[in-house]
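Below is one structure, written out as structure tokens; comments come after it.
The values are calculated or read from the model by the stated rules, or taken from the named source; none is laboratory data. Because the structure is predicted, anything quoted here is derived from the model rather than measured. A quick note on method: Cβ atoms are made from the backbone with ideal geometry, for glycine too, and the neighbour counts reach across all protein chains shown.
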Ligand code: SER
């Protein structure tokens with residue numbers, strides 16, 4: 001039998017985990033982006049990814065202990081998603097980390113404590129595994145924690161030696177499993193048996209680095225990296241049959257089912273799989289776009305495109321014919337926004353990207369599906385069992401059908417696809433491309449290395465120059481290096497030198513133009529990969545060639561906005577330290593053209609006065625016109641001077657110091673105003689929590705202020721027109737409307753209760769006499785619990801000696817039942833409290849009260865008639 005720990009929501013589990021470790025000296029850090037800094041992986045696959053440089057000793061951590069809830073994506077098991085109970089592309093990993101601080105003994109002790117004390121798992125329901133050679137871990141579990149030896153399993157390196165990839169930090173691990181059936185005994189424990197066990201917490205003793213030839217070298221420090229699967233915990237604690245039916249995902253499934261006009265629970269297995277795939281993938285795509293990934297044919301962009309297409313395709317399989325993805329995305333955004341507010345902030349971009357991809361894909365699908373149908377018919381007529389590689393490749397190349405999709409559809413028709421043949425066609429195409437046209441995936445280190453063989457690191461001139469003459473070093477179209485590209489093409493351009501700032505340190509990349517002889521390219525974004533500045537742009541006019549000499553010119557107005565917001569962010573940090581707490585540190589930031597965002601570690605919300613004081617302080621510094629002093633110094637010297645550095649940031653030996661003497665001194669590679677007076681004015685828009693222990697301030701400054709004010713002004717004008725009052729009279733007007741609304745609501749309540757009583761009077765006609773007692777059992781429509789009680793009391797008063805039981809469904813998903821018994825009925829041994837409690841159980845609820853009057857609630861309205869029938873027959877037999 002499994003024990004019955006407390007039911008917890010996904011959000012509660014996340015908070016309990018972070019709070020537990022915060023209470024044990026861990027710094028809560030916000031989730032890092034799904035786009036890792038580490039170029040060896042495409043996407044963040046585990047909570048430890050952002051900390052890899054710390055484990056490898058390349059970066060000194062600011063905290064010895066940290067805890068996070070990390071967004072992760074893994075696509076290696078994509079075909080299992082929806083088919084097993086617990087495979088995902090997107091999932092959240094809760095982790096506690098020690099950077100050369102505590103190790104095995106403490107990690108195990110806390111792992112056990114949080115599992116049993118915080119999440120309430122009974123030790124009988126827990127089984128652990130250790131690496132087969134790790135006697136130390138085995139002994140800790142047995143001797144210090146008291147786990148019986150039979151419930152500690154030794155496992156081989158495949159299961160219990162964790163590594164991030166072929167190379168990098170790694171170490172033995174110990175996993176904690178939940179046992180749904182401890183009654184099956186300890187003799188035949190098979191941890192692979194997922195009808196009995198689920199692994200929910202992995203403790204990695206990160207102590208080695210593996211090099212390319214597979215050799216293990218001990219790391220400088222012994223570290224701890226753990227991962228607890230949030231969705232798995234929710235499955236166990238919410239007692240649902242799989243991860244998809246937890247509150248983290250199920251609402252998305254319900255939205256999709258509703259659009260398809262079907263019911264999940266009564267659907268067949270294939271439909272359920274499609275719904276689960278949609279539930280899983282929609283979370284993934286929402287978070288990927290929130291983290292600025294855009295659909296494309298290379299790297300992360302391709303992963304995104306493939307996931308979106310799978311959602312669309314599975315939508316079709318369950319009978320959705322039109323566009324639906326933004327609707328399900330809305331549910332996913334609503335579910336995630338409290339823990340990851342960027343999904344709401346980026347809502348418009350997310351929905352636009354999804355909508356565009358979906359509508360394009362639907363068009364192609366229509367054409368491709370027709371072709372595939374024809375192919376399938378033909379194949380069947382010829383008595384073959386597979387679709388040729390050539391056909392699959394045409395579908396891929398011309399109709400955007402990923403191979404997996406063709407395979408899926410083939411499978412539905414009991415056919416296979418000649419994958420080897422497909423690969424041959426793919427290879428042919430690659431070879432068809434000219435030798436010079438190498439495929440370069442800019443998200444993979446090896447491609448960047450290849451680029452580096454031909455060209456030099458980009459020289460950045462933008463600290464001092466808004467424009468520069470430059471040479472075109474490389475042109476990439478869809479990740480493929482080209483000698484030339486024509487008007488109308490979306491390109492990535494690498495120049496030998498550039499004034500364009502590339503997104504980093506939270507500051508958005510510059511916008512502007514690259515122009516040459518008859519050529520104009522609009523630069524829409526800037527990225528930095530290794531040492532290359534990549535200009536993402538659109539060729540408006542002309543043909544651009546490698547080797548061309550061009551003029552690169554930034555949009556100065558955009559740059560001025562970013563600069564004002566960036567310096568304002570530094571002043572904001574200084575003001576927070578001065579006014580709230582010297583110990584406040586930066587946890588993240590975003591500096592764009594229209595606003596700035598600053599995340600910082602602080603255990604509590606700021607007061608309204610503090611927010612006001614901070615705003616005033618920043619504006620004072622702006623008015624005082626402090627000149628910037630920018631210097632490049634050795635790191636140690638900069639730190640000795642008191643420059644503020646950011647946790648988690650990589651710094652070289654030489655650092656750039658932005659100093660507004662006496663006000664703020666920070667290490668920073670961004671661009672800044674030369675005098676604070678250039679900022680003009682600074683306004684805080686909001687202060688809110690992002691994760692426990694992390695707060696966020698959003699603000700605007702400089703030229704962006706006017707945009708902000710214009711929007712507000714329009715809202716106020718609109719309201720003042722609608723309410724026909726002056727702007728300053730709006731608050732009073734709204735207060736009086738609210739009061740009127742409350743009065744109207746109260747009146748409505750009173751009327752409802754009078755109506756219920758009037759309705760109940762008619763029940764006297766249904767009165768039944770049992771022995772000396774009168775009996776009324778009835779269901780009333782739409783009556784709220786309070787009125788139901790009044791009605792029952794009144795009826796009992798009228799009948800005198802007897803029992804009244806009334807039930808109602810006041811709103812969807814709620815049942816209310818009241819019992820009123822006279823003293824004579826009580827004398828027969830019937831208590832209203834106990835009686836109604838037992839009846840309400842039938843509707844999945846409970847409750848109770850006094851012997852003469854009691855009320856209970858339930859959730860399953862469909863069971864109410866059954867519950868009332870039972871009440872009637874029980875009362876009849878007890879009173880006769
Ligand atoms: N890195 C380990 C895992 O992914 C523990 O976080 O399982």
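Residue count for segment 814-827 under the criterion of being surrounded by 23 or more Cβ atoms within 10 Å (Cβ to Cβ) and over 15 Å from residue 872 (Cβ atoms): the result is 2.
If you check 120, 165, which single one turns out to be within 16 Å of the ligand (Cβ to nearest atom), in a loop (DSSP other than H, G, I, E, B) and in contact (Cβ under 8 Å) with a residue 40 or more places away in the chain? Exactly one of 120, 165 is within 16 Å of the ligand (Cβ to nearest atom), in a loop (DSSP other than H, G, I, E, B) and in contact (Cβ under 8 Å) with a residue 40 or more places away in the chain, namely 165. Listed by first and then second residue, the pairs with beta-carbon distance under 9 Å, at least 6 apart or on different chains, first residue in segment 194-209 and under 13 Å from residue 222 (Cα atoms) and at pLDDT 95 or above, second more than 9 Å from the ligand (Cβ to nearest atom) and part of a loop (DSSP other than H, G, I, E, B), are 205/103; 205/134.
Looking at 76, 96, just one residue is within 13 Å of the ligand (Cβ to nearest atom) and out of contact with any strand residue (DSSP E or B) (no Cβ under 8 Å at 6 or more places or on another chain), and that residue is 76.
Where strands (runs of 3 or more DSSP E) sit wholly within segment 588-688, none has at least 3 residues that are surrounded by fewer than 14 Cβ atoms within 10 Å (Cβ to Cβ) and modelled with pLDDT of 95 or more. Please specify each residue of segment 769-778 satisfying the condition of being surrounded by fewer than 16 Cβ atoms within 10 Å (Cβ to Cβ), at negative phi and touching a residue at least 12 places away in the same chain (Cβ under 8 Å). 772, the sole residue that qualifies.
Residues of segment 328-344 that are part of a helix (DSSP H, G or I) and surrounded by fewer than 17 Cβ atoms within 10 Å (Cβ to Cβ): 334, 344. Taken over segment 44-64, the residue count meeting the criterion of being more than 13 Å from the ligand (Cβ to nearest atom) and buried (at least 22 other Cβ atoms within 10 Å of the Cβ) is 1.
The residue list 618, 632 contains one member that is over 28 Å from residue 48 (Cβ atoms) and without any contact (Cβ under 8 Å) to a residue 60 or more places away in the chain, which is 632. Selection of segment 210-247 for residues being more than 23 Å from residue 106 (Cβ to Cβ), out of contact with any helix residue (DSSP H, G or I) (no Cβ under 9 Å at 6 or more places or on another chain) and within 16 Å of the ligand (Cβ to nearest atom) yields only 210. Might you check whether a residue that is surrounded by 21 or more Cβ atoms within 10 Å (Cβ to Cβ), within 26 Å of the chain's Cα centre (by Cα), more than 12 Å from the ligand (Cβ to nearest atom) and over 17 Å from residue 47 (Cα atoms) occurs anywhere in segment 133-141? There is no residue in segment 133-141 that is surrounded by 21 or more Cβ atoms within 10 Å (Cβ to Cβ), within 26 Å of the chain's Cα centre (by Cα), more than 12 Å from the ligand (Cβ to nearest atom) and over 17 Å from residue 47 (Cα atoms).
Among the residues making up segment 837-854, those that are outside any loop (DSSP other than H, G, I, E, B), buried (at least 16 other Cβ atoms within 10 Å of the Cβ) and touching a helix residue (DSSP H, G or I) at 6+ places or on another chain (Cβ under 8 Å) are 839, 840, 847, 848, 849, 853, 854. Quick check: anything in segment 251-271 in contact (Cβ under 8 Å) with a residue 24 or more places away in the chain and within 17 Å of residue 194 (Cα to Cα)? No, because not a single residue in segment 251-271 is in contact (Cβ under 8 Å) with a residue 24 or more places away in the chain and within 17 Å of residue 194 (Cα to Cα).
Residue 32 falls short on exactly one of the conditions (1) more than 15 Å from the ligand (Cβ to nearest atom); (2) surrounded by 16 or more Cβ atoms within 10 Å (Cβ to Cβ); (3) in a loop (DSSP other than H, G, I, E, B), and that condition is (1). When the residues of segment 689-730 are filtered to those that are in a helix (DSSP H, G or I) and touching a helix residue (DSSP H, G or I) at 6+ places or on another chain (Cβ under 7 Å), the one that is nearest to residue 593 (Cα to Cα) is 704. Residues in segment 1-27 that are farther than 21 Å from residue 236 by Cβ and crowded, with 21+ Cβ neighbours inside 10 Å were compared, and the one that is nearest to the ligand (Cβ to nearest atom) is 26.
Might you check whether a residue that is in contact with a helix residue (DSSP H, G or I) (Cβ under 8 Å, 6 or more places away or on another chain) and buried (at least 23 other Cβ atoms within 10 Å of the Cβ) occurs anywhere in segment 100-109? Yes. The number of residues in segment 196-209 being within 12 Å of residue 55 (Cβ to Cβ) and more than 14 Å from the ligand (Cβ to nearest atom) comes to 1. Only residues that are surrounded by fewer than 17 Cβ atoms within 10 Å (Cβ to Cβ) and in contact with a strand residue (DSSP E or B) (Cβ under 8 Å, 6 or more places away or on another chain) were counted in segment 798-813, giving 2.
May I ask you to verify whether residue 130 is within 16 Å of the ligand (Cβ to nearest atom), crowded, with 20+ Cβ neighbours inside 10 Å, in contact (Cβ under 8 Å) with a residue 12 or more places away in the chain and over 24 Å from residue 49 (Cβ atoms)? In short, yes. Apart from one condition, residue 40 fits all of (1) over 21 Å from the mean Cα position of the chain (by Cα); (2) in a loop (DSSP other than H, G, I, E, B); (3) in contact (Cβ under 8 Å) with a residue 60 or more places away in the chain; (4) away from the ligand (no atom under 16 Å from the Cβ); the exception is (4).
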